[in-house]
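Chemist: I am attaching a structure below and will ask some questions about it afterwards.
Just so it is clear, none of the values below were taken in a lab; they were calculated from the coordinates. For clarity, every value in this text was computed on a predicted model and none was experimentally measured. Cβ atoms come from the backbone with ideal geometry, glycine included; neighbour counts cover every protein chain shown.
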Amino acid sequence: MIRIAAVGDLHYGAGSQGILKPGLEHLPDRADLLLLAGDLTRRGNPEEIQVLADELRGLPVPIVAVLGNHDYHCGREAEVRRALEGAGVRVLEGEGVTLNINGVRVGIAGTKGFGGGFRGAHGSDFGEPEMKAFVGHTKMLSDRLERALTRLDGVDLRIALLHYSPIEGTLEGERLEIYPFLGSYLMAEAVDSAGADLVVHGHAHHGTEKGRTPAGIPVRNVAQPLIRHAYSVYTLNGRREAQPAAAGGIS
């Protein structure tokens, strides 16, 4: 059994010191792995991510992250990534990593993802260059996610870590008009094609925690404004569904 702690949309910045710390103190007792689902800063300033990096440094569990749209805002995402990696966090964008946790090989493929909408109400790469670029970006990241998942050979468990949502189900509670900016069905197609045991994402602050891809793979929305904890913890055992476990509270 592997216990996976996950959270996104922490939006760290000046004044955030210590917000996550009470939950992190107990993290090694509650989880074997920490996943960060993007929007770790407010505007993507290296100074903002450094506040979080200082709190994560030295944690005795592996930490894997993707960035979110906020982390790209200032165009300094490379510096944000370096600050996290300097604290021992593995940051993914179309890449995969395999971890050996208690004798279980856990493969994680990650990407920010992007928008575009869902079947029956989605954009297409037709018409103006701007529309082609918008949908083309999602297609490129979806293809990279599928390849990264497929290359996780010989693993016991396979996890897809995203920021944007791959399904509509975990967006329920958000305004329908903004669904195209919260995720894309192309991400779910990539996951279903390559196969996974769990999908984790953030971004939808007013959405729903639980959903499934069309192929039935469990999806969890771990945006912190939604889960209202420092993180949620799920357990995976073989290829069984992720089950809720304990959560770390924010004081």
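Chemist: With each pseudo-label sitting 7 Å past Cα toward Cβ, what's the ILE178-ALA78 distance in nm, one decimal?
Modeler: 3.1 nm
Chemist: With a cut-off of at most 12 other beta carbons within 10 Å, and DSSP calling the residue loop, which chymotrypsin sites (Phe, Trp or Tyr not before Pro) in the stretch 94-184 qualify? Please list them.
Modeler: On the way: sites: PHE114, PHE118, PHE126, PHE134, TYR164, PHE181; in loops: PHE114, PHE126, TYR164.
Answer by residue number: PHE126.
Chemist: Here's something else I'd like to know. For the stretch 97-241, what class follows from the C-alpha gyration tensor (a ≥ b ≥ c being the square roots of its eigenvalues): rounded when a/c is under 1.5, otherwise prolate if a/b is larger than b/c, else oblate? Working shown, then result.
Modeler: Numbers: a/c = 2.22, a/b = 1.36, b/c = 1.64.
Cα axes put the stretch 97-241 in the oblate bin.
Chemist: Over all directions, average the projected area of the Cα convex hull of the chain and note it in nm².
Modeler: Numbers: hull surface 49.4 nm².
For the Cα atoms of the chain, the hull's average projected area reads 12.4 nm².
Chemist: Starting from 0.36 nm per residue, how many nanometres of slack lie between ASP29 and GLU93 once their C-alpha separation is accounted for? Intermediate results must be reported in sequence, preceding the final value.
Modeler: Working: separation 64, 0.36 × 64 = 23.04 nm, distance 2.89 nm.
Taking ASP29 through GLU93 to full extension adds about 20.2 nm, to one decimal.
Chemist: On to the next question. Can you give the extra length, in nm with one decimal, that the chain gains between ASP153 and HIS122 once fully stretched, where that is 0.36 nm per residue apart less the Cα-Cα distance?
Modeler: Values: separation 31, 0.36 × 31 = 11.16 nm, distance 3.23 nm.
Going from the current span to full extension adds 7.9 nm.
Chemist: A further question follows. What aspartates and glutamates could a cross-link reach from LYS132, if we take a straight Cα to Cα line under 19 Å and drop same-chain neighbours fewer than 8 places away?
Modeler: Cα-Cα hits under 19 Å: ASP143.
Chemist: For the chain, what are the DSSP H helices with axial Cα length of 18 Å or more and mean Kyte-Doolittle hydropathy of at least -0.5?
Modeler: Values: long enough: 129-150 (31 Å, -0.40).
Passing helices, by number: 129-150.
Chemist: How would you classify the stretch 170-237 from its alpha-carbon gyration tensor, with a ≥ b ≥ c the square roots of the eigenvalues: rounded for a/c under 1.5, else prolate if a/b is greater than b/c, otherwise oblate? Mind showing how you got there, number by number?
Modeler: Values: a/c = 2.39, a/b = 1.11, b/c = 2.15.
Oblate, because a/c is 1.5 or more while a/b does not exceed b/c.
Chemist: Cα convex hull of the stretch 1-138: how many Å³ per residue?
Modeler: Taking only Cα atoms, the stretch 1-138 has a hull volume of 131 Å³ per residue.
Chemist: Working out 0.36 nm times the residue gap between ASN102 and VAL61, then minus their Cα-Cα distance, what length gain in nm do you get to one decimal?
Modeler: Taking 0.36 nm per residue and subtracting the Cα distance, the gain is 13.6 nm.
Chemist: If you place +1 on the Cβ of every Lys and Arg and -1 on the Cβ of every Asp and Glu, how big does the dipole about the Cα centre of the stretch 2-248 come out, in debye to the nearest 20? Before the final figure, lay out the partial values.
Modeler: Numbers: 26 positive and 31 negative charges, 83 e Å.
Value, rounded to 20: 400 debye.
Chemist: State, in angstrom, two size descriptors of the stretch 5-66 derived from its alpha carbons: Rg to one decimal place and Dmax to the nearest whole number.
Modeler: Computed over the Cα atoms of the stretch 5-66, radius of gyration and Dmax are 11.1, 32 Å.
Chemist: Please list, by residue number, every one of the trypsin sites (Lys or Arg not before Pro) in the stretch 30-89 that is coil in DSSP and has at most 13 other beta-carbon atoms within 10 Å. Walk me through the numbers on the way to the answer.
Modeler: On the way: sites: ARG30, ARG42, ARG43, ARG57, ARG76, ARG81, ARG82; in loops: ARG42, ARG43, ARG57, ARG76.
Taking the stretch 30-89 and a limit of 13 other Cβ atoms within 10 Å, the loop trypsin sites (Lys or Arg not before Pro) found are ARG57.
Chemist: While we're on this one: How much mean residue ellipticity at 222 nm does the chain get from its helices, if each DSSP H run of length 4 or more adds -39500 (n - 2.57) and you divide by all residues, to the nearest 500 deg cm²/dmol? Display every interim value, and only then the final one.
Modeler: Values: 8 runs with 70 residues, N = 251.
Result for the chain, helices only: -8000 deg cm²/dmol.
Chemist: What FRET efficiency would be calculated for the residue pair MET140, ASN237, taking the C-beta separation as r and a Förster radius of 41 Å, to the nearest 0.05? If you can, show how the numbers build up before the last one.
Modeler: Values: r = 34 Å, r/R0 = 0.83.
Once rounded, the FRET efficiency stands at 0.75.
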